[in-house]
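What follows draws every value from the coordinates through simple rules; no lab data is involved. Everything numeric in this text was worked out from a predicted model, so none of it was measured. Ideal geometry is used to build each Cβ from the backbone, glycine not excepted, and the neighbour counts take in all protein chains shown.
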Amino acid sequence: MDKGKRPVEIMHIVPRVGEEASGPSYTVVRLCRELYAIGENLRLVALDGNGGSETIPFLETYPMRPMFRRLGLSPRMHGRLVGAAEHADILHNHSLWMMPNVYPGWAVRGKSCRLVVSPRGTLSRWALKRSAWKKRIFWALLQGPAVRRASCFHATAEHEYEDIRSAGLRGQPICVIPNGIDVPEMKSKPAAPSRVLLFLGRIHPVKGIDMLLGAWAAVAHRFPEWELRIAGPDNDGYLPKMQETAKELGLKRVVFCGPLYGEAKQAAYQEADLYVLPTHTENFGVTVAESLAAGTPAIVSKGAPWSGLEENGAGWWIEIGVDPLVACLENALSRSPGELTSMGRAGREWMMRNYSWPKIGRMMHMTYRWLLKGGETPAWVRLD
């Protein structure tokens, strides 16, 4: 049957999904749900150990070899992908640097099945500096040859497009399609004894929490009505380091909330007056979109692709570092509740206008059809 008429057969591959619903754990699953709703014949393949898998009807999970958990070595997953590539139209790989991200490139070798690769921030300069020598070896032996079999790359922002090209991947088109966001029902902000500056995300060196604590030390005494809340799961023991830093700085009104999921996470966004992400690098920064969708304006560093904050009157986009963050906090924390509410409303309208999941799903769907059938190149596909 003509591929333009029947549902496209797609298999998405990501190392992990989970109830924490952050980063690819949220965005990949949510993209798949939208494509599934469109009517594509879709499966999502991941490694075992995925919380909430019973709520994802198209999810398949495969066991890892216990001795190689960091690499995610899974012969059964590899076999499944090799078999799928015999009849599937597209394998869509998300992320890099684990064996589940290598297997798709092996699977499509010598077959008509197309490979789409979404690096999901793993080719940024900051990411490449982490365990750099290991990644150079892994790239040369496994990851590089696998991704060069891609028919198309997917970037979530212009700067990720540049990261892909900087990695020497120049022979394939790149579709620049942002992540989407679910816009929740707007609720009245609850009365609170203090105004809340919120960070929500992984407690990890890339997020710039050390800079946030340093900036808070410089401004907190001027804004006694404000409280800093830092919410998120610990990554590799970084949380105790940040708690010790806060203690050494003698910080007041700083609360480490731990990980927040589901309704508790949504409540945190809606209770906050202002969100902050002083990150070194993000391919998208889904927490920014989540805060704006909840009606909370944001301060975001230029490590994340959120220049539209200022264009849409929804927050601030600042240079990376303590001094720029101090200057911005001096400005933002002095704003009245009404001013910040108006900025949050503008951000929410922006999210509904440009980042709805149905729109993002249709863009990816049209990209797949273009890869398979040709025709006019979609406006978001870069051929240069």
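Once the C-beta distance of Ala379 and Arg345 is scaled by a Förster radius of 30 Å, the resulting FRET efficiency is 0.55 to the nearest 0.05. When you filter the GluC sites (Glu not before Pro) in the stretch 44-141 for DSSP loop state and at most 12 other Cβ atoms inside 10 Å of their Cβ, you are left with Glu86. Think of the chain as having a plus end and a minus end, set by charges on the Cβ of Lys, Arg, Asp and Glu; of Ala298, Val183, Gly39, Gly39 sits farthest toward the positive end of this dipole. The relative contact order of the chain comes to 15 percent, based on Cα pairs under 8 Å that sit 6 or more residues apart.
Think of each Lys and Arg Cβ as +1 and each Asp and Glu Cβ as -1; about the Cα centre, that makes the dipole of the chain roughly 1320 debye. The translational diffusion coefficient of the chain, from Stokes-Einstein at 25 °C and 0.890 mPa s with a Kirkwood hydrodynamic radius over alpha carbon pairs, comes to 113 µm²/s. With the highest mean first, a sort of the peptides 319-325, 273-279 on other beta-carbon atoms found within 10 angstrom per residue produces 273-279, 319-325. Dividing the summed -39500 (n - 2.57) terms of all DSSP H runs of n ≥ 4 by the residue count of the chain sets its mean residue ellipticity at 222 nm at -11000 deg cm²/dmol. In this structure the amide hydrogen of Cys152, modeled in the peptide plane, comes within under 5 Å of the amide hydrogens of Leu115, Val117, none closer than 5 places in sequence on its chain. Between the helical axis of 262-271 and the longest alpha-carbon principal axis of the chain there is an angle of about 40 degrees. Full extension of the segment from Glu311 to Ser112, taken as 0.36 nm per residue of separation minus the current Cα-Cα distance, would add 67.3 nm.
Once you have a ≥ b ≥ c as the square roots of the Cα gyration tensor eigenvalues for the stretch 235-296, tell me rounded if a/c is under 1.5, and otherwise prolate or oblate according to whether a/b is larger than b/c.
Verdict is prolate for the stretch 235-296.
For the stretch 195-354, what does the convex hull of the Cα positions come to per residue, in cubic angstrom? Before the final figure, lay out each step's value.
On the way: hull volume 15.5 nm³, N = 160.
So the per-residue hull volume is 97 Å³.
Straight-line cross-link partners of Lys189 among the lysines, defined as a Cα under 26 Å from its Cα and at least 8 positions apart when in the same chain: Lys252, Lys265. Compared with the dominant principal axis of the Cα atoms in the chain, helix 75-84 is inclined by about 60°.
Between Ser166 and Glu263, the contour length at 0.36 nm per residue exceeds the Cα-Cα span by 31.0 nm.
In this Cβ point-charge picture (+1 for Lys and Arg, -1 for Asp and Glu), the stretch 195-354 has a dipole of about 180 debye about its Cα centre. When +1 charges are put on Lys and Arg Cβ atoms and -1 charges on Asp and Glu Cβ atoms, the dipole computed for the stretch 90-174 relative to its Cα centre reaches about 340 debye.
Just report the Cα centroid separation between the stretch 314-384 and the stretch 246-304, whole Å. Between the Cα centre of the stretch 314-384 and that of the stretch 246-304, the gap is 16 Å. List the residues whose amide H sits under 5 Å from the amide H of Gly201, counting only those 5 or more places along or on another chain, with H placed 1.01 Å from N in the peptide plane. Result for Gly201 returns Ala231, Gly232. Under the criterion of Cα pairs below 8 Å and six or more residues apart, the relative contact order for the stretch 195-354 equals 24 percent. By the count of neighbouring beta-carbon atoms within 10 Å, fewest first, Val255, Val288, Val176 end up ordered Val255, Val176, Val288.
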